[in-house]
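Okay, so here's the structure we're looking at.
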Amino acid sequence: MIKSTVRYSATDKLRDIIEDNNQLLLVLNRFRIPFGFGDKTVGEVCDKQGIDCSTFLAVADLVSGKSFAGIPVDLPTLMAYLRQAHSYILDFRLPDIRETLILAVHLPLLDNVAMLIIKFFDDYVEEVRNHMDYEDRVVFPYIESLLRGEPSEFSIAEFASKHESVVSKLNELKDIFLQHYTMPNTRMLNRALFNINACGDDLVSHCEIENRLLVPAVEALEKEATVRRENASVKEATGSEAERPENLSDREKEIVCLVAQGLTNKEIADRLFLSFHTITTYRKNISTKLNIHSTAALTIYAIVQGLVDLREVELK
């Protein structure tokens, strides 16, 4: 048995994590994992189905309220999962709610109100469809072009800045029944409210996966693409390959690293117990050797040549 506070691992049996949280049945569906996996582990099932295991674990941990920090995700795998989620919500879950609502509210004395309720729901479905169509038509193709190394005017920040869960109107519809409208409490109405609540939870979880897994992974990919573009610009500007770091002295390499980490000449002088004038002279010599004259280009050079780790650098 899995303890609820412990994140899942590739060595856990898949049936155990389903028992730990049966909401993961939806996750299996969206990763297209068939039933009949017996006592196989998560890793064994993912390997058999050709699914990136770490991406599966990141999604499963997030959906289950466990820690997912530091788990790498494979963007093609995650996008395939999200596209399946779109299809399930638009083609199955929302139509099922509509059908149930019609049966629940279609009483002889309530026909006019019933029509308004169904119209409210249909308008909401259109809003969800437009939301997901934008992701399928704009966001996912952008990520795919980024993976291919193709330039684009779009950025994931543009998506993230206006991305939010489309669940508010669904909650309003639920509140109409629970708080503001008197009608017979039938089995069909209970089923409709249950489905509305489950769909709301599903949409919130879907949004969290996009915000907390997809967006950070794409931001990291964009940062890598920026490094590649800047490095290409440096080579184009100089007309030749930049000098290898072996041609720099140890002190010059040290100064290049500190520049890449964002320190000013004065801060470097204080760190190395040298004068400001000495650091200025070193910077001029480095620029002459490398034929690189801007701080941004020198930062890119330091990353490309392995003098600093990308995580140590804040790209502006």
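Computed from Cα atoms, the angle from the helix 187-209 axis to the main principal axis of the chain rounds to 0 degrees.
Within the accessible area of the chain, the carbon and sulfur atoms contribute 52%, probe 1.4 Å, all protein chains present. Simple spin-label estimate for ALA220 and ASP309 gives 1.3 nm between the two label positions (7 Å along the Cα-to-Cβ direction from each Cα). Based on C-alpha pairs under 8 angstrom that are at least 6 apart in sequence, segment 48-182 has a relative contact order of 18 percent. A DSSP coil position with no more than 13 other Cβ atoms inside 10 Å describes the following chymotrypsin sites (Phe, Trp or Tyr not before Pro) in segment 255-306: PHE273. Angle of helix 111-134 to the longest C-alpha principal axis of the chain, folded into 0 to 90 degrees and rounded to 10: 20°. In plain terms, the chain from ARG271 to LEU25 could stretch by 83.0 nm, reckoned as 0.36 nm per residue minus the Cα-Cα distance.
For segment 114-229, relative contact order (Cα pairs under 8 Å, six or more residues apart, normalised by length) works out to 35 percent. Taking the Cα centre of the chain as reference, the dipole from Cβ charges on Lys and Arg (+1) and Asp and Glu (-1) amounts to some 400 debye.
3J(HN,Hα) along segment 161-170, derived from phi through the Karplus expression 6.51 cos²θ - 1.76 cosθ + 1.60 where θ = phi - 60°, amounts to 5, 10, 8, 8, 5, 9, 10, 4, 5, 5 Hz, with x in place of Gly and Pro.
For segment 1-62, applying the loop criterion from DSSP together with a ceiling of 10 other beta carbons within 10 Å to the trypsin sites (Lys or Arg not before Pro) yields LYS3.
Taking 4.7 Å between beta carbons as the limit, the unpaired Cys residues of the chain are CYS199, CYS207, CYS257. Sorting HIS106, HIS131 by accessible area puts them as HIS106, HIS131; the probe is 1.4 Å, largest comes first, and only protein heavy atoms count. Springs join every pair of Cα atoms under 10 Å in this Gaussian network model of the chain, and among ASP61, ASP250, ASP122 the largest mean-square fluctuation is at ASP250.
On a per residue basis, the chain carries 55 Å² of accessible surface, using protein heavy atoms and a 1.4 Å probe. Placing unit charges on the Cβ atoms only, positive for Lys and Arg and negative for Asp and Glu, gives segment 136-228 a dipole magnitude near 400 debye about its Cα centre. Cα centroid separation, segment 257-288 to segment 133-172: 42 Å. I'd like the orientation of helix 94-105 relative to the chain: the angle between its Cα long axis and the longest Cα principal axis, in ° from 0 to 90, rounded to 10. The angle comes out near 30 degrees.
Counting only protein heavy atoms and using a 1.4 Å probe, the accessible area of ASP270 comes to about 90 Å².
The values are calculated or read from the model by the stated rules, or taken from the named source; none is laboratory data. Predicted, not measured: the structure shown is a model, and the values here were computed from it. Positions of Cβ are backbone-derived with ideal geometry, glycine not excepted, and every protein chain shown enters the neighbour counts. Calculation scope for accessible area: heavy atoms of the full protein, side chains included, ligands and nucleic acids excluded. Shrake-Rupley method; radii C 1.70, N 1.55, O 1.52, S 1.80 Å.
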